[in-house]
Amino acid sequence: MKTQVAIIGAGPAGLLLGHLLKSEGVDCVVLERQTGDYVLGRIRAGVLEQITVGLMERLGLDARLKAEGLVEEGFNLADGERLIRIDVANLTGKTVVVYGQTEITKDLMDAAPSRGLEVIYQAGDVALHDIESEAPYVTYTKDGKEERIDARFIVGCDGFHGPSRKAIPTSVAREFERVYPFGWLGILADVPPCNHELIYANHERGFALASMRSHTRSRYYVDVPLTEKIEDWSDDRVWDELAIRLGPDAAANITRGPAIEKSIAPLRSYVFEPMRHGSLLLCGDAAHIVPPTGAKGLNLAASDVHYAAEALTAYFRRADNDAVIGYSAKALARVWKSERFSWSLTKLMHRFPEDGPFERAMQVAELDYIATSKAAQTSIAENYVGLPV
Ligand code: FAD
Ligand code: DHB
């Protein structure tokens, strides 16, 4: 098979890119290792910045997002005694939208056949070849047969564990990494949220987050040491811990219910440079990971895709190679700012095992500064809604 762009991975990054390229008349094919149902079963992000909402709007695939997404005008930081409300709408003139990654992925997946976007699921042994040439190709197996796609470009949207990043020689690459000593235990339940706005809490027993997917579906997280096993966390234990960490006001409004999903995700900050080598571009988690505090991962994948679609469209429409050459630097400038924000909010809202009284005093002072300074609140708010692309 021959195409202009071979996209590896049909998560939100790969599907968004596929739709954007198709809408610009660029031919592409998406290869995914898993089944569609498996991809939809992964419960992940929940908060969308305007860049992500805007891309869905531009594609004309935002009808359900508009109808079902919850527009959030602010969120809260809980410091054990009070709620510090960050009035995002008033401070920035912008809002975020609560709409699950699963729903975005479903909308993109459902629209693929009618938009002529070919997505090949259950593609095994995906491998990249000749990425330093202008005629790269991808091989894979499907139904026991070896297949090959020839393309002008390959875009790796295959997440943190995919093969694309590994195809870039280590001699030209730099990696930056920080692994955190805890993970987030998440619980999804069909119960009304305890608050109409998100609450990020720093309690002496650890971090907690109250989030939601709809008026009837809640998403909560607590941080746990990496040694914890999910089997040791009964639903009741998670609800008890949330009630303590979120504080008495939120606890009074928590509705408990059986978990429909419960898992532990490790926290990591990671950046791979460059995000382009030869004819291979990387987008999303394939190139970088942020800790989830601040809800930046999916949104960062969306901004990468925006830049990549712009660059590839310029190449095929106008034979303009400059945008492809400049893709990595442009995407990384925004990536690093999101890395900084996610890392700083993680540091502010979690109790690190190595921290002593001084580090705790710094958290208290920073939270107090935020509570009393409009400038500090504006800085948090403009990062939370997403920096300009
Ligand atoms: P992925 O979603 O990982 O998709 C990659 C795809 O590539 C997958 O479908 C995978 O099966 C496929 N693939 C992998 N290997 C191969 C292969 N060999 N061949 C073919 N295909 C392959 N982000 C936010 O913005 N807001 C949030 O609120 C938020 N909350 C989060 C909460 C949790 C618990 C977690 C874990 C993450 C959260 N994130 C959040 C991060 C967000 O989910 C990710 O950043 C996002 O999924 C990145 O999208 P992606 O398409 O780059 O990668
Ligand atoms: C959710 C996840 C996040 O990482 C976050 O910062 C906010 C919300 C969520 O899954 O709802």
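Numbers at a glance
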{"read-out": "Qualifying residue in region 272-292 (condition: over 30 Å from D150 (Cα atoms) and of a type in the set (G, A, S))", "value": "no"}
{"read-out": "Search result, residues across region 135-151 that are out of contact with any Pro (no Cβ under 8 Å at 6 or more places or on another chain) and either exposed (fewer than 14 other Cβ atoms within 10 Å of the Cβ) or not in a strand (DSSP E or B) (or both)", "value": "A135, P136, D143, G144, K145, E146, R148"}
{"read-out": "Which listed residue, of A301, A361, A314, A381, is without any contact (Cβ under 8 Å) to a residue 12 or more places away in the chain, in a helix (DSSP H, G or I) and either closer than 29 Å to P225 by Cα or outside the structural domain of H277 (by the TED database) (or both)", "value": "A361"}
{"read-out": "Residue match in region 241-260 (condition: in contact with a Leu (Cβ under 7 Å, 6 or more places away or on another chain), within 15 Å of ligand 2 (Cβ to nearest atom) and not assigned by the TED database to the domain that holds W336)", "value": "yes"}
{"read-out": "Scope region 355-381; condition aromatic (F, W, Y) and under 25 Å from V88 (Cβ atoms); matching residues", "value": "Y369"}
{"read-out": "Test: R276 is over 25 Å from E103 (Cβ atoms) and charged (D, E, K, R)", "value": "yes"}
{"read-out": "Strands (runs of 3 or more DSSP E) wholly inside region 2-115 containing at least 2 residues that are within 16 Å of ligand 1 (Cβ to nearest atom) and farther than 30 Å from S344 by Cα", "value": "5-8, 28-31"}
{"read-out": "Given (1) without any contact (Cβ under 8 Å) to a residue 40 or more places away in the chain; (2) more than 22 Å from G162 (Cα to Cα), number of the condition K145 does not satisfy", "value": "(2)"}
{"read-out": "Filter result (in contact with a Pro (Cβ under 6 Å, 6 or more places away or on another chain) and in a helix (DSSP H, G or I)) within region 342-358", "value": "S342, T346"}
{"read-out": "Any chance I264 is within 13 Å of ligand 1 (Cβ to nearest atom) and surrounded by fewer than 22 Cβ atoms within 10 Å (Cβ to Cβ)", "value": "yes"}
{"read-out": "Flag if E339 is part of a helix (DSSP H, G or I), out of contact with any strand residue (DSSP E or B) (no Cβ under 8 Å at 6 or more places or on another chain) and among the acidic types (D, E)", "value": "no"}
{"read-out": "Qualifying positions in region 69-104 - in contact with a Leu (Cβ under 6 Å, 6 or more places away or on another chain), hydroxyl-bearing (S, T, Y) and either farther than 30 Å from Y140 by Cβ or surrounded by 21 or more Cβ atoms within 10 Å (Cβ to Cβ) (or both)", "value": "Y99"}
{"read-out": "When residues of region 179-194 are limited to those that are within 16 Å of ligand 1 (Cβ to nearest atom) and farther than 18 Å from A45 by Cα, the one surrounded by the most Cβ atoms within 10 Å (Cβ to Cβ)", "value": "F182"}
{"read-out": "Only one of G14, G25 that is in contact with an Asp or Glu (Cβ under 8 Å, 6 or more places away or on another chain), in the same structural domain as S338 (by the TED database) and more than 16 Å from ligand 2 (Cβ to nearest atom)", "value": "G14"}
{"read-out": "Residues satisfying the stated conditions in region 267-298, i.e. part of a strand (DSSP E or B), within 12 Å of ligand 1 (Cβ to nearest atom) and out of contact with any Pro (no Cβ under 9 Å at 6 or more places or on another chain)", "value": "Y270, H288, I289"}
{"read-out": "Criterion: within 30 Å of F182 (Cβ to Cβ) and buried (at least 17 other Cβ atoms within 10 Å of the Cβ) - qualifying residue of E354, E339, E359, E366", "value": "E339"}
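The values are calculated or read from the model by the stated rules, or taken from the named source; none is laboratory data. Fair warning: this is a prediction, and the values are worked out from it, not measured in the lab. For neighbour counting, all protein chains shown are included, and Cβ atoms are generated from backbone atoms with ideal geometry for every residue, glycine included.
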